[in-house]
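To start, the structure itself, in structure tokens.
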Amino acid sequence: MAANASRSERRGSGVGPITMSYAHTIVPMDSNPLRNPFLNKGFSFTQEERAAHGLEGLLPAAVMTLQLEVQRSLAQMRDLSTPLQKHVYLNALASSNATVFYRLVIDNAEEVMPLIYTPVVGEACMKRSAITRGEVQGMFITPAFKGRMLSVLENYPGDIDIIVVSDGSRILGLGDLGADGMGIPVGKLGLYIAAAGFHPAHTLPVLLDFGTENEAKLADPLYIGWRHRRVDDAEYYALVEEFVVAVQQRWPGCLIQWEDFSNNHCFDLLDKYRGRCLSFNDDVQGTGAVIAAGFLVAAKVLGIKISDLRCVFLGAGSAGIGVADRIVSLMVEEGLTPEAARRQFWFLDSKGLVTTHRASLEDFKVPYARPDMPDGLDLITVIREVKPSALVGLSMQSGAFNEAIIRALHASCPRPLIFPLSNPTSKSECSAHDAIHWTNAECLFASGSPFPPVSFQGREIVTGQGNNMFVFPGLGLGAVLAQASAVTDGMINAAVRSLAAMVTDDDIAHGMVYPPVRKIREISANVAGAVLEQAIAEGVSRAVLPAGERGVDVVRSRMYDPSYPPVPAKMSSL
């Protein structure tokens, strides 16, 4: 279907068969194809296409295949010295030839995906103002657009199905990076496209540039953002409201995925908009879903119910609470009350153990505050007192799970779950090597950023990565194909169970509680199919599955698979 087809043509009207597809999207010709990343075929334009579209003399004589173009680009990337240089190269490639870029990413997922997103995107965001080459990527929304955001959004061409939006206030574990946080929405959408098969022409990264409190950014003459301190909460929420309303008017039914908002805003935004428009917060709900899937697999390995796990969390921010909430929902499905399920958790923040005895406590921490222990206990004391079976790190404190902590955990549980989830790698609470050696390889380990295989007593142990990429692309695609009115808890739990089911006995035998990244397209298709079916079952979907067809089969047939598109017959002049 043409990318410039009307929104109603692409989406249909009322309840009915699934009409949306990214498998055969035709991008309209509105510029020279060499300058349009969705149409550019590089050296693969045929002689006939060159003659028809005024490209003769603008390209060398050789006509090459897509496979050769990918081979060349991969070799060029590998010839660069540092991960950041590779990230910059890949970013430029995406801006010039989207087909080569996404083909390269999909065919080399384990090597390339860490370069376009975590962990390398963290360094890229920190240096974005210095390394940018002026590529036009997405939209920057500032307070200067107050009262006219809809007209500003109309400056962006095309029909958008998914927006990833951040305000740059809490980028990974790096804090407030302001406009330089745009690397996160850009990188995230790269994974939605490569992993789940959204068409790039229907995606939009957005940075709500409402200022920054980062003194270094404000003083940097190269800083690309709105050079002011952050607006106050009253203005902030009014600007976000205008943005959301404008998105709904410009692209009705568009999925909004909130990303890397600070704790003082992320829960409020999630609660306010989850019932008003199709939206979710990946830091809260996506992280929770991925880790919950790892817990399901670990419980299966241990031969216990997930409700039997006793969980200590270092880090009580949005991601930690989101993880606990998702695991609690699975415990409730096993028969516990929400209150009983939350009693299986102990949270520590910068002040130590979170309890009801504190004089002041953030609202989102209250459900997990302990009434039965002294406030402020340190981690090793809590482990010795509680004897947990799972230790989760979302603290951004490198090395917080030291040898004494891990050995105390192992002494209380013969096969503990150890999940140091902080990103990037430099913030991880412990390494795979240390966790495995300090527990004699008896732990079930997964991390937020990838670690190399670990050699232990003559065998190689491959650890899993609790990467949100296993859930959010499929969750988003399933919700969009369903034309759902909301992303429900049932849809997220369907994604959790689908991901857990993708872990094979062979994966488990190699020490993994997540499937390998090289299977990400199949993982995303299954997750999207499960989400689509759940949305239909709950009655929040406008889509209807064809009789006898499974959700995953419908999803597969509608996923974008990079190949050179036909060049439209007409084009504008150079």
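The values are calculated or read from the model by the stated rules, or taken from the named source; none is laboratory data. Just so we're clear, the structure is a prediction, and the values are computed from it rather than from any experiment. Every residue, glycine among them, receives a Cβ derived from its backbone with ideal geometry; neighbour counts consider all protein chains shown. These accessible areas exclude ligands, DNA and RNA; they are computed on the full protein's heavy atoms, side chains included. Shrake-Rupley method; radii C 1.70, N 1.55, O 1.52, S 1.80 Å.
What to note about this one:
- Distant-in-sequence amide contacts of T355, defined by a placed amide H-H separation under 5 Å and a gap of 5 or more residues or a different chain, comprise R370, G376.
- Couplings 3J(HN,Hα) of the stretch 266-279, computed from phi: 5, 5, 4, 5, 4, 5, 6, 9, 5, x, 9, 8, 5, 7 Hz, in residue order, whole Hz [Karplus 6.51 cos²θ - 1.76 cosθ + 1.60, θ = phi - 60°; x for Gly and Pro].
- Judged by the gyration tensor of its Cα atoms, with axes a ≥ b ≥ c, the chain is prolate; a/c meets the 1.5 cut and a/b is the larger of a/b and b/c.
- Proximal charge balance of R342 [Cβ under 13 Å; K/R count +1, D/E count -1]: +2
- Separation between Cα centres of the stretch 171-250 and the stretch 512-536, rounded to whole Å: 27
- Counting only alpha carbon atoms, the long axis of helix 66-78 and the longest principal axis of the chain meet at about 50°.
- Within straight-line cross-link reach of K272, lysines at Cα separation under 22 Å, skipping those fewer than 8 residues along the same chain: K146, K365
- Among the GluC sites (Glu not before Pro) within the stretch 411-518, those in coil by DSSP and having at most 15 neighbouring Cβ atoms inside 10 Å are E442.
- Solvent-accessible area per residue in the chain equals 38 Å², computed with a 1.4 angstrom probe and all protein chains kept.
- Heavy-atom accessible area ranking, 1.4 Å probe, most first, across I508, I523: I508, I523
- Reach of K427 by Cα under 18 Å, taken over aspartates and glutamates that are not fewer than 8 positions away in the same chain: E123, D176, D260, D283, D349, E403
- With each label modelled as a point 7 angstrom along the Cα→C-beta vector, the H228-E215 pair spans 2.2 nm.
- Proximal lysines to K217, defined as alpha-carbon separation beneath 16 angstrom and excluding residues fewer than eight positions away on the same chain: K127
- Net charge of Cβ neighbours under 15 Å - reference F145; Lys, Arg +1; Asp, Glu -1: -3
- Cα gyration tensor, the stretch 53-170 - rounded (a/c under 1.5), prolate or oblate: oblate
- Solvent exposure ordering (accessible area, 1.4 Å, most first) of L208, L68, L218: L68, L218, L208
- Annotation for the stretch 34-115: GluC sites (Glu not before Pro) lying in DSSP loop with at most 16 further Cβ atoms inside 10 Å of their Cβ are E56.
- Backbone N under 19 Å from the T381 label point (7 Å along Cα→Cβ), restricted to the stretch 271-314: 312-314
- Rel. contact order, % - alpha carbon contacts under 8 angstrom, at least six apart, the stretch 147-305: 27
- Label-point separation, N108 to R72 (7 Å along Cα→Cβ), nm: 1.5
- Carbon and sulfur %, accessible surface of the stretch 253-399 computed with the full protein complex present, 1.4 Å: 50
- Sites listed here are trypsin sites (Lys or Arg not before Pro) in the stretch 130-219 whose DSSP assignment is loop and whose Cβ has at most 10 other Cβ atoms within 10 Å: R133.
- Rounded, prolate or oblate (a/c below 1.5 giving rounded, otherwise prolate when a/b exceeds b/c) for the stretch 284-354 by Cα gyration tensor: prolate
- With contacts taken as Cα pairs under 8 Å and at least 6 residues apart, the stretch 376-466 reaches a relative contact order of 25 percent.
- Note on T65/H24: beta-carbon distance plugged into 1/(1 + (r/R0)^6) with R0 of 22 Å gives a FRET efficiency of 0.60.
- Solvent-accessible area, 1.4 Å probe, carbon plus sulfur percent, for the stretch 114-205: 56
- Apportionment of accessible area to carbon and sulfur, the stretch 28-69, percent (1.4 Å): 59
- Every helix of 4 or more DSSP H residues in the chain counts as -39500 (n - 2.57), and over all residues that averages to -11500 deg cm²/dmol at 222 nm.
- Neighbours of V454 by Cβ distance under 11 Å: Lys/Arg scored +1, Asp/Glu scored -1, total -1.
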